[in-house]
1. Given the residues Val6, Val21, Val29, which is the only one that is under 12 Å from the mean Cα position of the chain (by Cα) and under 24 Å from Leu127 (Cβ atoms)?
2. Here are some conditions: (1) loosely packed, with under 13 Cβ neighbours inside 10 Å; (2) under 24 Å from Ile98 (Cα atoms); (3) touching a Lys or Arg at 6+ places or on another chain (Cβ under 9 Å). Lys2 meets all but one. Which one does it not meet?
3. Return the residues of the stretch 1-42 that are part of a strand (DSSP E or B), among the polar types (S, T, N, Q) and closer than 20 Å to Glu134 by Cα; say none if nothing qualifies.
4. Which of (1) touching a Ser or Thr at 6+ places or on another chain (Cβ under 8 Å); (2) not in a helix (DSSP H, G or I) is the odd one out, the single condition Ile45 does not satisfy?
5. Val78: touching a strand residue (DSSP E or B) at 6+ places or on another chain (Cβ under 9 Å), surrounded by 13 or more Cβ atoms within 10 Å (Cβ to Cβ) and not in a loop (DSSP other than H, G, I, E, B), yes or no?
6. Looking at the structure I just gave you, is Val70 farther than 19 Å from Gly126 by Cβ, surrounded by 13 or more Cβ atoms within 10 Å (Cβ to Cβ) and in contact (Cβ under 8 Å) with a residue 24 or more places away in the chain?
7. Run Ala114 past the list (1) more than 15 Å from Met4 (Cβ to Cβ); (2) modelled with pLDDT of 95 or more and report the number of the one that doesn't hold.
8. Checking Arg89 against (1) part of a loop (DSSP other than H, G, I, E, B); (2) farther than 16 Å from Ile10 by Cα, only one condition comes out false. Which one?
Amino acid sequence: MKPMLVDTDILSRYFRSDQAVVTRFGSYVERHGAINLSIITCYEIVSGLMHRDARRQLERFREFAALNRVLPLSASAVEWAARFYADTRKAGTPVDDIDLLIAGIALAHGLGVATRNLDHFRRTSGLYVENWAESI
């Protein structure tokens, strides 16, 4: 199992107890010791939970994040994301900035991305992508 960065959509499914995702998380943690998530994904989850005033879920997420690896937005990640931005714009297939930043963080750390949003992430050349919402 390749080292991966978990996208926001997969993390949200994990917290909704999606069985395929929960199984993937278990296998991944058994092999790699912890889940990798980006600071961008943390922002998306925390902002959504704060907006809904979901205090119990927010506390659960914070506990989860503390037990796993939250990867920062670095200069290297920004360079990757900017390259993807330029490439996808030139190709006429732009991708939103959030996904580009997540892809940049993944590549800066030598990781693939676990996501259901295969269409966007496959537009970023050189990035390995898996759909963890499918059963293994």
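The values are calculated or read from the model by the stated rules, or taken from the named source; none is laboratory data. Everything numeric in this text was worked out from a predicted model, so none of it was measured. Virtual Cβ from ideal backbone geometry, glycine too; neighbours counted across all protein chains shown.
1. Testing whether each residue is under 12 Å from the mean Cα position of the chain (by Cα) and under 24 Å from Leu127 (Cβ atoms) leaves just Val6.
2. (3)
3. From the stretch 1-42, those part of a strand (DSSP E or B) are 4-6, 36-38; that's our starting set.
Filter again for among the polar types (S, T, N, Q), leaving 36, 38.
Within the stretch 1-42, Asn36 is the sole residue that qualifies.
4. (2)
5. For Val78, the condition - touching a strand residue (DSSP E or B) at 6+ places or on another chain (Cβ under 9 Å), surrounded by 13 or more Cβ atoms within 10 Å (Cβ to Cβ) and not in a loop (DSSP other than H, G, I, E, B) - is not met.
6. yes
7. (1)
8. Going through (1) part of a loop (DSSP other than H, G, I, E, B); (2) farther than 16 Å from Ile10 by Cα one by one, Arg89 breaks only (1).
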